[in-house]
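The values are calculated or read from the model by the stated rules, or taken from the named source; none is laboratory data. No experiment lies behind these values; they were computed from the predicted model shown. When we count neighbours, we look across all protein chains shown, and the Cβ atoms used for this are built from the backbone with ideal geometry, even at glycine. Just so you know, the surface numbers come from the protein's heavy atoms only, side chains and all, with ligands and any DNA or RNA stripped out. Shrake-Rupley method; radii C 1.70, N 1.55, O 1.52, S 1.80 Å.
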Amino acid sequence: MGEWLLRGVGVLLLLSALALAVSYAPDRPAQSLVARWALPPSDFMDVRGQLVHFRDQGPREDPQPVVLIHGTSASLHTWEGWVGALQGRRRVITFDLPGFGLTGPFTGDYAPDDYSGDALARFTLDLLEALRLPRVVIGGNSLGGEVAWRVASLAPQRVAGLILVDASGLPSKPGVRPLGWMLARVPVLNRITEWVLPRSLVEQGLAQAYGDPRRVTPALVDRYFELALRAGNRRALALRLQHLGADAGAERIAALKLPTLILWGGRDRLIPPATAQAFAQRIAGSRVVVFDALGHVPQEEDPVRSVQPVLDFLGLR
């Protein structure tokens with residue numbers, strides 16, 4: 001019996017070693033990813049010592065450009081559908097937050113390990129300053145929505161309108177969490193995830209984020225997977241996830257006094273759709289639109305449908 005047990009343990013260890021070998025995914029230098037993921041109109045700029053991947057599209061004479069901020073584990077590419085619909089008449093700025101996409105972890109004048117909501121909001125204000133944008137319409141999805149409302153609360157004079165898309169930052173009943181996020185929050189295991197990342201784990205996370213998992217394509221998984229491997233991003237993700245559900249300052253939402261559009265996926269399994277009404281109750285005069293068939297990233301899952309209320313909000317039709 002003992003011999004069979006030892007053999008069984010040996011087989012499990014061998015299978016584990018093989019799984020780790022197959023899933024071994026070391027960090028990639030940012031430069032190795034630029035040729036595929038930073039094609040024109042992508043550009044890079046220095047913001048207080050932080051090299052930022054961004055896109056600035058549309059008419060430069062627009063007095064109130066639209067700034068769109070992606071969510072956790074995403075990148076500026078999540079907004080490509082919306083940008084296509086807006087750039088003919090509005091200037092649109094998208095960028096990769098520090099710790100994500102091709103921007104990579106905080107450097108320069110910024111505290112290297114602070115990925116709190118307010119730290120990301122202050123960085124965003126620095127980006128607006130570097131682009132010389134005195135007043136903007138700002139929006140974001142998930143974490144990006146949280147950063148957007150934090151920017152509006154920290155500098156209300158800089159924000160003419162707010163677009164929240166399945167935004168985080170309000171206490172709510174926890175939804176599902178992608179397994180990759182859960183592993184990144186566990187001490188020791190989160191160190192392993194800096195070297196091991198099964199592509200299937202990324203695909204599973206996207207299937208949970210979409211209202212219809214059939215919309216998750218191999219090309220989409222490739223993008224999320226490869227940008228997750230940008231040097232330092234996985235460590236930054238673990239640091240960001242320490243703030244999940246714990247960032248202070250939600251009481252500031254009730255003080256917001258500006259035109260606000262709240263969009264939500266009716267099949268959002270990460271942040272319950274009821275959270276949309278919780279935001280609306282706190283922001284006087286805000287408007288809520290729920291897309292029954294979409295999930296946590298409606299701007300990416302169905303950009304044509306989800307951008308329609310935005311066109312109305314911006315007075316473009």
- Item | Entirely in segment 39-80, the strands (runs of 3 or more DSSP E) that have 3 or more residues that are in contact (Cβ under 8 Å) with a residue 60 or more places away in the chain and touching an Asp or Glu at 6+ places or on another chain (Cβ under 8 Å) | 50-57
- Query: Are any of the residues in segment 266-277 surrounded by fewer than 19 Cβ atoms within 10 Å (Cβ to Cβ), polar (S, T, N, Q) and not in a strand (DSSP E or B)?
  - Reply: yes
- Query: Of everything in segment 115-151 that's among the hydrophobic types (A, V, I, L, M, F, W, C) and in a loop (DSSP other than H, G, I, E, B), which residue is least open to solvent (accessible area, probe 1.4 Å)?
  - Reply: 133
- Query: Hey, any hits in segment 257-264 for a residue that's farther than 17 Å from residue 171 by Cα, part of a loop (DSSP other than H, G, I, E, B), open to solvent by less than 70 Å² (accessible area, probe 1.4 Å) and touching a residue at least 60 places away in the same chain (Cβ under 8 Å)?
  - Reply: yes
- Query: Can residue 92 be described as of a type outside the set (Ser, Thr, Tyr) and open to solvent by less than 10 Å² (accessible area, probe 1.4 Å)?
  - Reply: yes
- Query: Any residue at all in segment 33-46 that is at pLDDT below 95, surrounded by fewer than 18 Cβ atoms within 10 Å (Cβ to Cβ) and aromatic (Phe, Trp, Tyr)?
  - Reply: no
- When the residues of segment 153-171 are filtered to those that are touching a helix residue (DSSP H, G or I) at 6+ places or on another chain (Cβ under 8 Å) and in a helix (DSSP H, G or I), which remaining residue is nearest to residue 82 (Cα to Cα)? 158
- Item | Residue identified as modelled with pLDDT of 95 or more, touching a His at 6+ places or on another chain (Cβ under 6 Å) and surrounded by 22 or more Cβ atoms within 10 Å (Cβ to Cβ) among 68, 97, 102 | 102
- Message: Exactly one of these conditions fails for residue 194: (1) in contact with a Lys or Arg (Cβ under 6 Å, 6 or more places away or on another chain); (2) at pLDDT 90 or above. Give me its number.
- Response: (2)
- Regarding residue 240, is this residue closer than 29 Å to residue 37 by Cα and modelled with pLDDT under 95? yes
